[in-house]
Amino acid sequence: MHDNEMSIASCEPLLQPVVLEPSIREYYTIMRAHEGLLADKKRMVAFREAINETVRSGDVVMDIGAGTGILSQYAVEAGASTVYVVEQNESILNIARNKLASYEASARILHLAKRGHEIKCGELPAQPDVIISEMIGTLAFNEGLVGLMEDAKRFAPSGCRMIPSGVRLMAAPYFAEARRPEKVTIFRGEHVYADAAGQPHCVMQWTVDKPFESRQSVRVKAERPFSNVVLWAESRLSDSITLSTLSCSENNSWGIPILKLSKQCREVEIRCCLSEVSADADRQKGCSYAISKNGFSLFQMLDNKEAVSMAFTCVCGPQTCPAGPQR
């Protein structure tokens with residue numbers, strides 16, 4: 001092989017992601033999963049501040065994938081007059097009902113035990129001014145956020161504000177030797193150091209006013225050799241609030257996948273291969289994402305009818321050196 005050629009690198013996940021069996025929807029029927037979200041202070045503060053900044057007095061708010069109803073509660077406290085609490089799991093929705101019962105004097109609260117795409121526009125008494133969904137996954141889009149938000153636009157044909165208004169999946173070199181003990185996230189018994197990430201690169205993104213975009217190829221570079229690539233999500237919740245899952249909080253509720261390359265290099269190309277699949281496949285899908293031997297894959301709903309399967313492969317660049325011991 002010539003020095004200027006790219007070669008497939010064997011990538012093993014340094015940290016295993018949370019395995020959602022048999023599906024992400026069933027995972028969130030477990031109250032323990034919601035307790036983890038509620039304990040993530042950085043996550044909750046960011047959403048509360050964004051809702052306070054976005055929701056205006058008298059607004060109609062739609063909370064899709066509402067879970068225990070905490071974001072719906074924030075919306076009422078921010079001045080919403082009506083809140084649609086959309087949660088497909090009846091047992092979790094009952095928790096939301098109990099939580100929000102004391103707020104019914106302040107706002108009209110409509111509970112819908114459905115998935116967003118199952119709701120007909122005529123079921124909503126009024127068009128939402130704000131649509132909220134917290135379905136941001138470990139790999140940004142693996143919980144179906146794009147399909148949810150794009151489908152929800154039909155409820156507000158004249159436009160509305162959305163939280164989040166944009167999400168990106170980021171990748172960066174990860175220098176384990178740069179770690180500092182005080183900047184650490186504990187994830188499944190391993191340590192992830194937020195300040196050990198190098199220059200970030202956007203792998204894919206979605207915003208409310210632009211189509212979903214996945215780069216066919218992204219080059220992750222560094223001036224010095226690296227042997228790991230870290231992945232995380234960045235979400236624009238409001239004009240002043242951006243939430244990153246690359247957190248140094250010990251209560252970080254997101255996993256932070258790190259791909260371990262088979263050799264050190266100064267450049268890795270992340271190649272994306274997209275294939276269209278039936279949106280109905282989401283009903284049968286056992287896992288919404290996976291980290292494989294040489295990369296990772298995602299299943300993404302684009303709207304209620306279209307979906308894509310995306311496979312990402314890490315390819316090491318020409319500037320390589322023998323891999324050293326991993327710390």
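The values are calculated or read from the model by the stated rules, or taken from the named source; none is laboratory data. Not measured: the values here are computed from a predicted model. We place every Cβ from the backbone using ideal geometry, glycine too, and count neighbours over all the protein chains shown.
Residue-wise test of (1) on the phi > 0 side of the Ramachandran plot; (2) of a type in the set (S, T, N, Q); (3) at pLDDT below 95.
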site: Glu49; (1), (2), (3): no, no, no
site: Thr54; (1), (2), (3): no, yes, no
site: Val60; (1), (2), (3): no, no, no
site: Gly79; (1), (2), (3): yes, no, no
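Cβ-Cβ below 6 Å, separation at least six or inter-chain, first residue in the stretch 90-104 and under 13 Å from Tyr74 (Cα atoms), second of a type in the set (Gly, Ala, Ser) and not in a helix (DSSP H, G or I): which pairs? Short answer, once both residue conditions are applied: Ala96/Ala66; Ala96/Gly69; Lys99/Gly69; Leu100/Gly69. One residue alone among Ala80, Ala101, Ala66 is over 20 Å from the mean Cα position of the chain (by Cα) and in a loop (DSSP other than H, G, I, E, B), and that residue is Ala80. Evaluating Gln300 against the criteria (1) within 17 Å of the chain's Cα centre (by Cα); (2) of a type outside the set (Lys, Arg); (3) at pLDDT 85 or above leaves one unmet condition, (3).
Of the numbered criteria (1) touching a strand residue (DSSP E or B) at 6+ places or on another chain (Cβ under 7 Å); (2) surrounded by fewer than 17 Cβ atoms within 10 Å (Cβ to Cβ); (3) at pLDDT below 85, the one Asp280 fails is (1). Which of the residues belonging to the stretch 172-202 are modelled with pLDDT under 90, aliphatic (A, V, I, L, M) and not in a helix (DSSP H, G or I)? Scanning the stretch 172-202 gives Val184, Ile186, Val192, Ala197. Ser91 satisfies every condition listed in (1) surrounded by 23 or more Cβ atoms within 10 Å (Cβ to Cβ); (2) in a helix (DSSP H, G or I); (3) among the hydroxyl-bearing types (Ser, Thr, Tyr) except (1).
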